[in-house]
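Peer 1: Before we start, here is the structure in question, set down as structure tokens.
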Amino acid sequence: MERIPIVGPTYEEMLHPEKIDPIIRKRALEMKDKDPLHPINLYNITWKDGNNRIYYFIMPKELTGVEANIIVLYSKDFPSGSHKVGATYSILMEKTITGEVDPRIHTLVWPSTGNYGIGGAWVSSRMNYRSIVILPEMMSKERFETIRRYGAEVIATPGCESNVKEIYDKSKELYAKDPERIRILNQFSEFGNYRFHYYVTGNTMLELVEKEKIGNGRISAVVIGVGSAGTIACADRIKQVFPEAKKVAVEPLQCPTISLNGYGGHDIQGIGDKHVTWIHNVLNMDAVVLVDDMDSKKMLHVLTDEEGKKFLKEFVDPDVVEYLSDKFGISGVANIIGAIKMAKFYGLGKDDNILTVATDNIDRYRTVMKDLEAKFGKLDRTEAKSRTERIFLYQEPSWVFEGDKWNRERWHNLKYYTWVEQQGKTVEELDAQRKEEYWLDVQRKVKEVDELLIKYRKEHEDELMKVMMED
């Protein structure tokens, strides 16, 4: 059968899935468990469940040691198990409806350090595209296995999470060999990634604090680890409603690129990619906070290991401990550490709300936990208590770099070395990003894209419905 281009929801439908055609929505929810690889699951890309309840929880204060509400949007119930699928779908959807890519002609290349590649593999196969994911060789074994299971080819490049240049170089090599057929979908520079989080994630956060009446109903800070820096675009939306909200990026202590123009290898898989991304609006950033990668892994171990959970149940509701145990991956724990640091740094109280996300879950890191045990031994109560107190309860508000005028200038200027010298952007384009209007134009395209997508779906209605409704 001819590989017709398949598309799914608009940005508005991802934000408000109740606006999806009821027949499509009902079938998508039925197929979520019955056949998670069916194309209709594109309509399950949303922060909400079948009853339009937002996927979130509030961290127990007994576990964080701070009075502020640390509110976590979690991603494990997205197709592919991570919200990165929203970014990959948005990028590919935009390029499909504008004719930039076509499954009958092109093979897609997804440069990634993990979840973006997994999302790209899932989305491209559902949308009828052939695809190749490029991934550093030191990423978790589960990442490589999942990508292949979703139907994509995967190429391993040298290094770890922060070795992004090697990914870029391999992408360029593939393109040079077959420029007519290869199309690179780079999460670090594609604004579909930004738009998904600005519009869908950002507005979901706003709806959450208002609808659930959490704290003072406002948002005091958004604290999120940056890899592609797509997710932190949600803070641009938050700041438009709550200008006082702090936009805080989390970086690995072992690779402090934005904060200290630093470098190095680390293992908070999903963040800290040793450059400032093209889609990162750093000129409205309020701070960068550094988090230790080993702390993130060790605390994930406590949250998910039976001995760790047994200790936590001594002072946290046992049902809550079990609930939390499958919601976090390494970067999610790093986000919690960062949020605790910033709650203390800013002196936030019981009415203040800090928003963050859990990008994936423990199923991507079982082998990482085994490696941790091999290095440090099995977890027991004494070690679980020591880690919990040191990493969460008594975490210091240290390694915080505030965004004054000159720091913001430094953060922005650092883009030059990757994007102008290496990736073909112009100085004029870089200078344009200094103006707020640049970012407003990027944001306004959400409506334009939705109109084009609705038109596209109408033009291909019969073909699309046949695909969506077939078993």
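The values are calculated or read from the model by the stated rules, or taken from the named source; none is laboratory data. Worth saying up front: this structure is predicted, and the values here are computed from it rather than measured. Every residue, glycine as well, gets a Cβ built from its backbone with ideal geometry; the counts of neighbours run over all protein chains shown.
Peer 1: Just to be sure before I move on: is Val427 loosely packed, with under 11 Cβ neighbours inside 10 Å and either modelled with pLDDT under 95 or of a type in the set (A, V, I, L, M) (or both) in the structure I sent?
Peer 2: yes
Peer 1: Now a separate question. Check Ala432 against each of (1) surrounded by fewer than 17 Cβ atoms within 10 Å (Cβ to Cβ); (2) touching a residue at least 24 places away in the same chain (Cβ under 8 Å); (3) of a type outside the set (Val, Ile, Thr) and name the one condition it does not meet.
Peer 2: Ala432 satisfies all of (1) surrounded by fewer than 17 Cβ atoms within 10 Å (Cβ to Cβ); (2) touching a residue at least 24 places away in the same chain (Cβ under 8 Å); (3) of a type outside the set (Val, Ile, Thr) except (2).
Peer 1: Listed residues Ser228, Ser171, Ser220; which is within 17 Å of the chain's Cα centre (by Cα) and touching a residue at least 60 places away in the same chain (Cβ under 8 Å)?
Peer 2: None of the others qualify; the one that does is Ser228.
Peer 1: Out of the range 65-94, which residues are buried (at least 21 other Cβ atoms within 10 Å of the Cβ), among the small types (Gly, Ala, Ser) and either out of contact with any helix residue (DSSP H, G or I) (no Cβ under 8 Å at 6 or more places or on another chain) or in a loop (DSSP other than H, G, I, E, B) (or both)?
Peer 2: Ala68, Ser75, Ser82
Peer 1: Could you tell me which residue of the range 251-284 is nearest to Val223 (Cα to Cα), considering only residues that are touching a His at 6+ places or on another chain (Cβ under 8 Å) and β-branched (Val, Ile, Thr)?
Peer 2: That would be Val282.
Peer 1: Is at least one residue of the range 106-117 farther than 15 Å from Gly192 by Cα and surrounded by fewer than 24 Cβ atoms within 10 Å (Cβ to Cβ)?
Peer 2: yes
Peer 1: Test Thr367 against the criterion of being of a type in the set (S, T, N, Q), surrounded by fewer than 21 Cβ atoms within 10 Å (Cβ to Cβ) and over 19 Å from Met205 (Cα atoms), and give yes or no.
Peer 2: So Thr367 fits the description; yes.
Peer 1: Run down Gly227, Gly308 and say which single residue is closer than 21 Å to Gly117 by Cβ, surrounded by 24 or more Cβ atoms within 10 Å (Cβ to Cβ) and either among the small types (Gly, Ala, Ser) or out of contact with any Lys or Arg (no Cβ under 8 Å at 6 or more places or on another chain) (or both).
Peer 2: Gly227
Peer 1: Evaluate the range 381-402: report whether one residue or more is in contact with a helix residue (DSSP H, G or I) (Cβ under 9 Å, 6 or more places away or on another chain), modelled with pLDDT of 95 or more, acidic (Asp, Glu) and under 28 Å from Ser140 (Cβ atoms).
Peer 2: For the range 381-402, residues in contact with a helix residue (DSSP H, G or I) (Cβ under 9 Å, 6 or more places away or on another chain), modelled with pLDDT of 95 or more, acidic (Asp, Glu) and under 28 Å from Ser140 (Cβ atoms): present.
Peer 1: What are the pairs with Cβ atoms under 9 angstrom where one residue, in the range 364-376, is over 12 Å from Phe328 (Cβ atoms) and the other, located anywhere, is among the acidic types (Asp, Glu) and part of a helix (DSSP H, G or I)? Sequence gap at least six, or different chains.
Peer 2: Partner pairs satisfying both residue conditions: Arg366/Glu142; Thr367/Glu142; Val368/Glu142; Phe376/Glu383.
Peer 1: Check every one of the helices (runs of 4 or more DSSP H) wholly within the range 132-249 and list those with 2 or more residues that are at pLDDT 95 or above, within 22 Å of Lys48 (Cα to Cα) and in the same structural domain as Gly338 (by TED's automatic domain parsing).
Peer 2: Hits in the range 132-249: 202-211, 234-241.
Peer 1: What single numbered condition from (1) aliphatic (A, V, I, L, M); (2) part of a helix (DSSP H, G or I); (3) under 22 Å from Glu142 (Cβ atoms); (4) touching an Asp or Glu at 6+ places or on another chain (Cβ under 8 Å) fails to hold for Leu303?
Peer 2: Every listed condition holds for Leu303 apart from (4).
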